[in-house]
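Contents: one structure, followed by commentary.
The values are calculated or read from the model by the stated rules, or taken from the named source; none is laboratory data. As the structure is a prediction and not an experimental result, all values here were calculated from the model. Note that each Cβ is placed from the backbone with ideal geometry, even for glycine, and that neighbours are counted across all protein chains shown. Note: areas computed on protein heavy atoms with side chains; ligands, DNA, RNA excluded. Shrake-Rupley method; radii C 1.70, N 1.55, O 1.52, S 1.80 Å.
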Amino acid sequence: MLPGPMRKTMIQIHAYLLVTALCCPILGATQEEVAHEPTAEVKSSPAPFIRLVEDGSWVRLQVAARSFSQHDSDGKRTGPRIDLCAAMHVGETGFYSGMQEQLDACDVVLFEGVGGHVIAVDEDGTAGEADRAAIRVTRRRMRQTAIALARFRKNHEHYPEDITKLDKAALPKRIRQLALMDSWNHALLYELHPPAEEGGEATFSLLSLGKDGEPGGEDADRDLSFKDQAPIQEQEIENNRGIQQDMAAALGLVFQLDVMNHLGPQWRNSDATAAELVGWLEGGEADQTALMSALDGSSLVADLIGNMLRLLSYSEAAQSMLRMVTIEVLARAEQVMQSKATGLGDLMEILLDRRNEIVLKDLHGILSQETPPARIGIIYGAAHQAAFQESLLKRDFRAVETIWRTAAQVNLDELGLPRTQVDWTRRALARSLDQMLK
């Protein structure tokens with residue numbers, strides 16, 4: 001049995017892993033098994049979104065994407081199909097490519113990501129729902145491009161003459177094509193302005209001509225200028241690595257925002273704004289605020305933990321062992337999170353419950369439309385999905401398909417330790433997780 005202080009530390013680390021990988025907001029060739037679940041198996045919540053699969057010496061952490069729809073008495077579908085894609089914020093590349101393909105087939109995708117910069121122009125104007133969504137996506141793309149321009153200037157001490165000259169260090173290749181276009185497939189208009197006076201700094205303007213692609217106009221046709229958005233923050237330019245990126249590197253995995261594209265026209269942010277989250281946390285304990293600072297890489301805690309994780313990434317054996325520990329911890333995540341154990345209650349009320357309410361409100365709005373989209377996707381941390389599933393079941397939706405994707409896997413025989421020691425470590429982890437539930 002571990003000594004008391006060490007056991008407490010281990011429990012705290014496990015709690016941190018659970019919060020970081022499953023429910024914290026993003027501040028950013030895998031096996032795939034398709035299982036058709038009979039309706040009777042998913043008629044009440046909770047049906048799990050995480051499972052551990054053991055195959056010989058292999059241990060695999062699998063995460064579900066579960067689809068729901070409504071049917072009449074004859075079994076005919078009568079409403080939209082809703083895909084609940086549970087996300088791990090760190091995982092294998094194939095895990096994310098499978099989700100990306102599934103979600104890109106949806107008409108609307110609600111995704112998590114704390115943000116919501118204040119802008120001077122009214123958010124929606126009087127445009128219709130589809131046009132409002134297009135305006136929001138265009139603004140998001142413009143901000144991504146403006147950040148890339150600011151990053152280019154920081155690296156090269158000048159802005160590019162041509163926006164297409166942005167290098168991959170400033171604008172990753174995976175989002176380049178979308179980031180430089182508005183929602184109506186018009187190229188964003190970029191103009192470089194020389195310094196107004198000698199010794200001054202050059203500036204730039206970034207503009208979308210709106211839906212009609214012509215200057216002026218009203219509603220969805222009106223011009224959108226980046227100057228109406230809040231100024232770029234230094235943190236956005238630095239693109240600081242947070243704990244989630246460091247954890248991915250230490251595990252030999254990838255970070256969700258580094259490999260998935262959330263800029264598509266059908267992708268809609270459905271999360272708290274940064275101001276809302278800060279406001280919620282201000283009334284809580286200091287360690288809650290410290291946790292959020294660590295996630296976006298802005299605290300001493302982040303530096304210390306990040307350095308430790310980066311050291312682990314240099315050792316294959318340490319990387320594999322950490323991956324095994326993480327898999328074992330996350331396999332019990334739903335049970336631990338739903339219990340709100342080990343002092344996590346207040347933090348979970350903020351990171352889970354309040355943000356779930358935002359998604360459910362957005363989903364209700366979509367379903368209340370006269371002609372709802374045929375297919376709706378929701379990609380959120382796995383810890384959130386039980387609440388979404390329960391809401392759908394109460395609306396008489398039923399599960400029609402579950403896709404289990406492997407988020408991470410490890411071969412226990414390749415850890416460089418005797419199997420007896422590996423098995424003992426796994427049992428010790430299980431005991432410490434049981435302590436969290438007490």
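Considering each residue of segment 223-234 in turn, at least one proves to be open to solvent by 70 Å² or more (accessible area, probe 1.4 Å) and assigned to a helix (DSSP H, G or I).
Beta carbons closer than 6 Å, at least 6 apart along the sequence or on distinct chains, pair a first residue in segment 396-423 that is under 27 Å from I376 (Cβ atoms) and in a strand (DSSP E or B) with a second that is open to solvent by 40 Å² or more (accessible area, probe 1.4 Å) and acidic (D, E) for W404/E33; R405/E32. Within segment 80-94, no residue that is β-branched (V, I, T) sits with its Cβ atom under 6 Å from a residue that is open to solvent by less than 10 Å² (accessible area, probe 1.4 Å) and part of a loop (DSSP other than H, G, I, E, B) at 6+ positions apart or across chains.
Against the condition hydrophobic (A, V, I, L, M, F, W, C) and within 21 Å of C106 (Cα to Cα), how does V422 come out, does it pass? The answer is no for V422. Applying the criterion of at least 2 residues that are modelled with pLDDT of 90 or more and among the acidic types (D, E) to the helices (runs of 4 or more DSSP H) found wholly in segment 305-388 leaves 355-367.
For segment 69-88, enumerate the residues that are touching a Pro at 6+ places or on another chain (Cβ under 8 Å) and assigned to a strand (DSSP E or B). Across segment 69-88, the qualifying residue is only S69.
Note on segment 389-405: residues that are of a type in the set (K, R) and either crowded, with 16+ Cβ neighbours inside 10 Å or closer than 21 Å to F95 by Cα (or both) amount to 2.
Filtered by the rule that a residue be closer than 15 Å to L110 by Cβ and touching a helix residue (DSSP H, G or I) at 6+ places or on another chain (Cβ under 6 Å), segment 257-267 gives M260, L263, P265.
From the list K173, K154, pick out the single residue that is more than 24 Å from L209 (Cβ to Cβ), surrounded by fewer than 19 Cβ atoms within 10 Å (Cβ to Cβ) and at pLDDT below 85. Among K173, K154, only K173 is more than 24 Å from L209 (Cβ to Cβ), surrounded by fewer than 19 Cβ atoms within 10 Å (Cβ to Cβ) and at pLDDT below 85.
Per the listing D131, D104, the residue uniquely at pLDDT 85 or above and farther than 24 Å from L277 by Cβ is D104. Across segment 134-151, the number of residues qualifying as open to solvent by 20 Å² or more (accessible area, probe 1.4 Å) and at pLDDT below 85 comes to 2.
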